[in-house]
Protein chains: 2
Amino acid sequence: MVVYLDSDTNLSDDEVDRIFRALADATRRDIVRRTLVDEESISDLAARYEITFAAVQKHITVLQGAGLVTKHRSGRERLVRGNPEAIRKARTLLDAYERIWQGRIEQLDALLAEN
Amino acid sequence: MVVYLDSDTNLSDDEVDRIFRALADATRRDIVRRTLVDEESISDLAARYEITFAAVQKHITVLQGAGLVTKHRSGRERLVRGNPEAIRKARTLLDAYERIWQGRIEQLDALLAEN
DNA sequence: TAGATATACAACCATTAGGTTGCATGTTAG
DNA sequence: CTAACATGCAACCTAATGGTTGTATATCTA
């Protein structure tokens, strides 16, 4: 299934799966949050958590696969930067769900008004 | 970590994990969408997908664990109803992330304006 | 009451996820 | 140039996920 949210946003199931899956982990959400504030190197990020460097690297790979962060080289470091676009996609999908529900409520209201 | 989004919404990591995890599957998103429009029995839902009844039952259990749907008995059937409250929680968290990013942009703008 | 329908749930299986350690490679600083 | 630092990546382990089948139980309906 492909969801058309608005004129410039259409999302495949796979893409949405990856975004929500990536957000379903507290460490990954923390990485997204921090790198939205300011870009950070992988080492900087790894130092913040109790897991190994390699584990943090894997989390970043997952986030990158979902489009939630990007990486770019700076000397021997890789700087990680949060990407608000992927977050907006997920948020827009949830907005759509909320509107569906709102629509149901309005239909119920209309039905009540009729009788 | 516990996130305080607004005066009446605070979310534990576990709760957020469960919500996003539950949404990271196309079948489950479809169930949420349909049951937001109108409540449906488990059999009704199961008939729509190519997987077994038991598999659909498991998906519903996951959604229920995340608070995304509720079940209530009606005779021998169990009716499943989408719960917009859990969706709102997830959406509000993404809103917060978008605001963080917006804040960064504004700081950069201010910095540029200074120089 | 018997049979059909709706659900619950346990046991099992294959795949994925999230973690580890170890090693290779590129880059910077003395 | 060498040592230290930053990263990439493979191999491995365990637990969780998403599916299956099979069985049990409750509720209608004829």
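The values are calculated or read from the model by the stated rules, or taken from the named source; none is laboratory data. A quick note: this is a predicted structure, and the numbers were derived from the prediction, not measured. FYI the Cβ positions are ideal-geometry reconstructions off the backbone, even for glycines, and counts take in every protein chain you see. Note: areas computed on protein heavy atoms with side chains; ligands, DNA, RNA excluded. Shrake-Rupley method; radii C 1.70, N 1.55, O 1.52, S 1.80 Å.
I need a count of the residues in segment B:75-111 that are within 16 Å of DNA strand C (Cβ to nearest atom) and without any contact (Cβ under 8 Å) to a residue 12 or more places away in the chain.
In the first step, residues of segment B:75-111 are kept if they are within 16 Å of DNA strand C (Cβ to nearest atom); the result is B:75-82.
Those still in the list that are without any contact (Cβ under 8 Å) to a residue 12 or more places away in the chain too: B:75-76.
So the count comes out to 2.
Which members of segment B:56-75 meet the condition of being more than 10 Å from DNA strand D (Cβ to nearest atom), of a type outside the set (Lys, Arg) and not in a helix (DSSP H, G or I)?
Across segment B:56-75, the qualifying residues are B:Ala66, B:Gly67, B:Leu68, B:Val69, B:Thr70, B:His72.
At pLDDT 95 or above, under 17 Å from B:Asp17 (Cα atoms) and of a type in the set (Val, Ile, Thr): which single residue out of B:Ile51, B:Ile60 fits that description?
Numbers: B:Ile51 fails: under 17 Å from B:Asp17 (Cα atoms).
None of the others qualify; the one that does is B:Ile60.
If I go through segment A:45-57 residue by residue, how many of them are within 14 Å of another protein chain (Cβ to nearest Cβ), open to solvent by 80 Å² or more (accessible area, probe 1.4 Å) and within 12 Å of DNA strand C (Cβ to nearest atom)? Quick ask: steps written out before the conclusion?
Our first condition is that a residue be within 14 Å of another protein chain (Cβ to nearest Cβ); within segment A:45-57, this holds for A:48-50.
In the following step, the residues that additionally are open to solvent by 80 Å² or more (accessible area, probe 1.4 Å) were identified as A:48, A:50.
Checking the rest, the ones that are also within 12 Å of DNA strand C (Cβ to nearest atom) come to A:50.
Result for segment A:45-57: 1.
Looking at A:Leu11, is it outside any helix (DSSP H, G or I) and open to solvent by less than 60 Å² (accessible area, probe 1.4 Å)?
yes
Here is a check on your reading of the model: is A:Asp17 under 24 Å from B:Arg88 (Cβ atoms), open to solvent by less than 60 Å² (accessible area, probe 1.4 Å) and in a helix (DSSP H, G or I)?
Numbers: under 24 Å from B:Arg88 (Cβ atoms): yes; open to solvent by less than 60 Å² (accessible area, probe 1.4 Å): yes; in a helix (DSSP H, G or I): yes.
For A:Asp17, the condition - under 24 Å from B:Arg88 (Cβ atoms), open to solvent by less than 60 Å² (accessible area, probe 1.4 Å) and in a helix (DSSP H, G or I) - is met.
Considering each of B:Arg99, B:Arg34 in turn, give the residue that is surrounded by 13 or more Cβ atoms within 10 Å (Cβ to Cβ) and at the interface with chain A (Cβ under 10 Å from one of its Cβ atoms). It would help to see each step written out before you state the result.
Values: B:Arg99 fails: surrounded by 13 or more Cβ atoms within 10 Å (Cβ to Cβ).
So the residue among B:Arg99, B:Arg34 that is surrounded by 13 or more Cβ atoms within 10 Å (Cβ to Cβ) and at the interface with chain A (Cβ under 10 Å from one of its Cβ atoms) is B:Arg34.
Suppose we keep only residues that are assigned to a helix (DSSP H, G or I) and within 8 Å of DNA strand D (Cβ to nearest atom) within segment B:23-55. Which one would you say is nearest to B:Thr92 (Cα to Cα)?
B:Arg28
For the list (1) more than 19 Å from B:Phe20 (Cβ to Cβ); (2) open to solvent by 70 Å² or more (accessible area, probe 1.4 Å); (3) outside any strand (DSSP E or B), I need the number of the one condition that A:Arg78 fails.
(3)
What residue, among those in segment A:82-91 that are open to solvent by less than 20 Å² (accessible area, probe 1.4 Å) and within 9 Å of chain B (Cβ to nearest Cβ), is farthest from A:Leu11 (Cα to Cα)?
Ranking the candidates gives A:Gly82 first.
Test of understanding: among B:Ile42, B:Ile60, which residue is under 13 Å from the mean Cα position of the chain (by Cα) and open to solvent by less than 50 Å² (accessible area, probe 1.4 Å)?
That would be B:Ile60, the only listed residue that is under 13 Å from the mean Cα position of the chain (by Cα) and open to solvent by less than 50 Å² (accessible area, probe 1.4 Å).
Check whether at least one residue in segment A:29-40 is hydrophobic (A, V, I, L, M, F, W, C), in contact with a Leu (Cβ under 9 Å, 6 or more places away or on another chain) and away from DNA strand C (no atom under 12 Å from the Cβ), and report yes or no. Reasoning before the result, please.
Residues of segment A:29-40 that are hydrophobic (A, V, I, L, M, F, W, C), as a first pass: A:31-32, A:36-37.
Still in the list and also in contact with a Leu (Cβ under 9 Å, 6 or more places away or on another chain): A:31-32.
Next cut, away from DNA strand C (no atom under 12 Å from the Cβ) only: A:32.
Yes, because at least one residue in segment A:29-40 is hydrophobic (A, V, I, L, M, F, W, C), in contact with a Leu (Cβ under 9 Å, 6 or more places away or on another chain) and away from DNA strand C (no atom under 12 Å from the Cβ).
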